[in-house]
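The structure appears right after this line, and notes come after that.
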Amino acid sequence: MVSMVSGSAEPLSASGRSSEKLSLPSLQSKMKTDPEGYETELHLIRNQFYSALELFQQQAALNFSSISGVGADPSVAKDLSDRAMFLAHVTPFYPKQLAEFPSDLAAFLKSSARTLPSGLRFHATQAVILLVNRKIIDIKDTLSLFMELQTLDDRNLRKLAFSHVVHSIRRMNKNHKNEAKNRSLQNILFGLLQQDDEAKAKRSLITLCELHRRKVWFDERTANAICMACFHSSSRIMIAVLSFLLDYEKIENDDEDSDDLSSEDEMTQNPHVVISKETVYKAHHKGTAASKKKKKAKLQRAIRSMKRQQRLSSESSNCSYYSPLYHLKDAQGFVEKLFSRLQTCNERFEVKMMMLKVIARTVGLHRLILLNFYPFLQRYVQPHQKDITNLLAAAVQACHDMVPPDAVEPLFKQIVNQFVHDRSRPEAIAVGLNVIREICLRMPLLMTEDLLQDLVLYKKSHEKAVSAAARSLITLFREVCPSLLVKKDRGRPMDPKAKPKAYGEVNVLSNVPDIELLEQDDDIGGSEDDESGDEAVYISSDDGNEDNDDEESQYTANDGSEDEDVLDEEGDENDSVDEYESDIDDANEDDSDDEDKGDTEELETEEDDYNEEVSGSSKAGDSAGDGGNEDQKAKASKRKLSDFEGQLIAADTSLRALKRLAEAKTSHASSDSVDGILSDEHFQRIKKLKVKKEAKTALAQQGFKIPSSDQLSFKRVDPSKLEAHVRLRLSKEERLALVKAGREDRGQYQARTAIKQKKTGGLSNRQKEHKKYMPLAAKKAKAQRSRQEKNKKKSRSGKQFRGKKAWKQ
């Protein structure tokens, strides 16, 4: 609400009330209480306003004004501003008499705003704002006026006009949104944003960004208009838009209404982990202290991993996640146009880095193909390049599974050759290995067997950052493609035959996702789970073990420390497990060579086991001495063996047909189990079974799980995570500051004797012995004993061997 300005001190006399002297504020209050009784005064003040307006315009036309406005007669400007504010306050009470006043005031302010004195201009703007707030003037008619007022060189006026535009549009959309009115206002601002006038375009951009940040105009149209301002002819406008797009993801959404959340949204907001009671019991009660400690650590890692994965999936699927780049209508055209401007612009390096980041973020978010972008990045990939971590983070962000590996391979080799070699610094090697890991996480087809084995050797480095990065690379390929690793580095992968998808390969769902979990649960019937007591334990995210929000990605180098702990724990068991792992790997390789042969061998081993059981039972029968039973068992065993041989031949001949039949039966059972219709209860069961399966998988995989491509495209790559564990070289002052900081909580150094002397609580036994009164005979005996011991020591000193270095003493 605009504050009321005090009126002139000159008295105003109305007809019939000549003795009554009134000032403007007192007359204004009386006119509001009794509008009909003061119409004469209204006409008088209205005539005074128009006469002062005409006089001011004549003075301006005759060039009586200076640079700051009318300097010859300032009383004219003061009278004009006072009458304008007075009429603006009483206009709602006299709509017919003052019907033309709002339009006349707005036209006067628009025509001569640049030549008006600052005081008159400010008061006239306040009067127009008051009329807009009283809904006498529409905001649509005055929006262009207020945007032009923001371009003037008057700080207070700019602040007043900007706050009025933002608050009026926000107030207009508070209860319900009028799309037609919003669209007309947006058209005005969009038109100003596209103009070549830098001042108007800048103020329009600031207004749009503020309304978008406050979620007033939180639509695709506004987001596209802001993004398209990157191509403005002015470099300042482009820089402002780029900084807004890059900093927008750091804005926290604090305006969410928790009351409107459904039960499903609450579950995503508070992720929980399902762990079996048996696993929790074993971790706390089974085994030795060392084994229980390892089980507890493994359990905590699994819980942290599950919470992190659920948080990532909830962020990617939750509607609260928003970025203006995500709602681009033509993302491919936007990226190509911005990249062409990047190639031809002559801006400073910081501006080019901002353009690079926006291009990479858009390519990763929409999974676009921009083949010329990767050779452009390759020119800047040098360890001594300025802001190299930001550049590498942009390169990682621009990689996804839809890009051909041949296009990224030169950039990938450049990173390997420039950063990871023996003569490079440990900081550069660590950053290079972390970047290689992040790129391979998105495009595992780039890695070859020889290159991976060379990179894995850095796990023996004495630098913590290098060894942690190499071990995180091992952990990744244990899940992605274990066959590329040496056998001793494979560990115990969940799927030894796992391979990355070929380029362009997509998994097409032919049924409801995870419907097989429901079928397996129906087949089991819950009997085995109930008897074994394998009940679920729900661990909420509100406990003290929840990770901070800074752990956004489980493949960062911070989480590489967890992987390092995992590998350290496994390293104690590697000596006894290497032979077992090699046997398993040999068996897996044999199985992958010939599947049918493997099935036949399994059947043959079952036959051998059965023969051993039969022979064992016959021997037991002989020992019992029962001849009749022995003959019957022998005949039965012969019949069983003949039947088994027949089944073996049939399975050997039609193994593929049996597989096809089994697949057909399972698909038929899945379609018949629910009659083709799934209810809400079925989906809730599938959800619980999926969470339970993920918990078991996380326990088996020691808290490691590969995120999907959609999750990777949503998350932003943090450059600081690429240089985790890297200890920068400190100066002498910084080292002294760290030393002094470590001494703050420590007490002052004192010798042990001084501490003993300050001991409270009485004397020690040795001190009491010294003060104890001894008889003369006891003193003589003690002195004689000590003298005898000294003599014995002297006699033995030259004869006994006292070590290799006795000659030094």
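The values are calculated or read from the model by the stated rules, or taken from the named source; none is laboratory data. Note that the coordinates shown come from a computational prediction; the quantities given were computed from them, not determined experimentally. Here the Cβ is made from the backbone with ideal geometry for all residues, glycine too, and neighbour counts use every protein chain on show. The accessibility values were calculated without ligands, DNA or RNA, using every heavy atom of the protein model including side chains. Shrake-Rupley method; radii C 1.70, N 1.55, O 1.52, S 1.80 Å.
Overview of values
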{"quantity": "Subset of the stretch 77-103 (residues that are surrounded by fewer than 20 Cβ atoms within 10 Å (Cβ to Cβ) and farther than 20 Å from residue 41 by Cα)", "calculated": "103"}
{"quantity": "Test: residue in the stretch 384-391 that is assigned by the TED database to the domain that holds residue 427, open to solvent by 10 Å² or more (accessible area, probe 1.4 Å) and more than 27 Å from the chain's Cα centre (by Cα)", "calculated": "yes"}
{"quantity": "Per-region count, the stretch 98-147, residues closer than 23 Å to residue 193 by Cβ and acidic (Asp, Glu)", "calculated": "2"}
{"quantity": "Residue, most open to solvent (accessible area, probe 1.4 Å), within the stretch 484-519, restricted to residues that are free of Cβ contacts under 8 Å to residues at least 40 places away in the same chain and more than 28 Å from residue 402 (Cβ to Cβ)", "calculated": "486"}
{"quantity": "Output for the stretch 363-383, where each listed residue is in a helix (DSSP H, G or I), free of Cβ contacts under 8 Å to residues at least 60 places away in the same chain and either open to solvent by less than 10 Å² (accessible area, probe 1.4 Å) or in contact with an Asp or Glu (Cβ under 8 Å, 6 or more places away or on another chain) (or both)", "calculated": "363, 373, 374, 377"}
{"quantity": "Counted residues, the stretch 192-247 - those being polar (S, T, N, Q), open to solvent by 50 Å² or more (accessible area, probe 1.4 Å) and in contact with an Asp or Glu (Cβ under 8 Å, 6 or more places away or on another chain)", "calculated": "1"}
{"quantity": "Looking only at the stretch 28-62, and only at residues there that are assigned to a helix (DSSP H, G or I) and of a type in the set (Asp, Glu), the one that is surrounded by the most Cβ atoms within 10 Å (Cβ to Cβ)", "calculated": "41"}
{"quantity": "Residue 360 being touching a Lys or Arg at 6+ places or on another chain (Cβ under 6 Å), of a type outside the set (D, E, K, R) and surrounded by 21 or more Cβ atoms within 10 Å (Cβ to Cβ)", "calculated": "no"}
{"quantity": "The stretch 719-760, residues that are part of a helix (DSSP H, G or I) and acidic (Asp, Glu)", "calculated": "733, 734"}
{"quantity": "Counted residues, the stretch 710-741 - those being modelled with pLDDT of 80 or more and either on the phi > 0 side of the Ramachandran plot or of a type in the set (Gly, Ala, Ser) (or both)", "calculated": "5"}
{"quantity": "Number of positions in the stretch 422-466 that are hydroxyl-bearing (Ser, Thr, Tyr), in contact with a helix residue (DSSP H, G or I) (Cβ under 6 Å, 6 or more places away or on another chain) and more than 21 Å from residue 480 (Cα to Cα)", "calculated": "1"}
{"quantity": "Conditions (1) closer than 17 Å to residue 141 by Cβ; (2) surrounded by fewer than 17 Cβ atoms within 10 Å (Cβ to Cβ); (3) touching a residue at least 40 places away in the same chain (Cβ under 8 Å); number of the one not met by residue 180", "calculated": "(3)"}
{"quantity": "Residue 779 modelled with pLDDT under 80 and at negative phi", "calculated": "no"}
{"quantity": "Residue in the stretch 101-122 that is over 54 Å from the mean Cα position of the chain (by Cα), in contact (Cβ under 8 Å) with a residue 12 or more places away in the chain and under 22 Å from residue 30 (Cβ atoms) present", "calculated": "yes"}
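Listed here are the residues, each with its yes/no results for (1) among the charged types (D, E, K, R); (2) open to solvent by less than 20 Å² (accessible area, probe 1.4 Å).
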position: 396; (1), (2): no, yes
position: 399; (1), (2): no, yes
position: 403; (1), (2): no, yes
position: 410; (1), (2): no, no
position: 414; (1), (2): no, no
position: 418; (1), (2): no, no
position: 427; (1), (2): yes, no
position: 443; (1), (2): no, yes
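Residue-by-condition table, conditions (1) without any contact (Cβ under 8 Å) to a residue 40 or more places away in the chain; (2) open to solvent by less than 90 Å² (accessible area, probe 1.4 Å); (3) not aliphatic (A, V, I, L, M):
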residue: 715; (1), (2), (3): no, yes, yes
residue: 721; (1), (2), (3): no, yes, yes
residue: 727; (1), (2), (3): no, no, yes
residue: 776; (1), (2), (3): yes, no, no
residue: 780; (1), (2), (3): yes, no, yes
residue: 788; (1), (2), (3): yes, no, yes
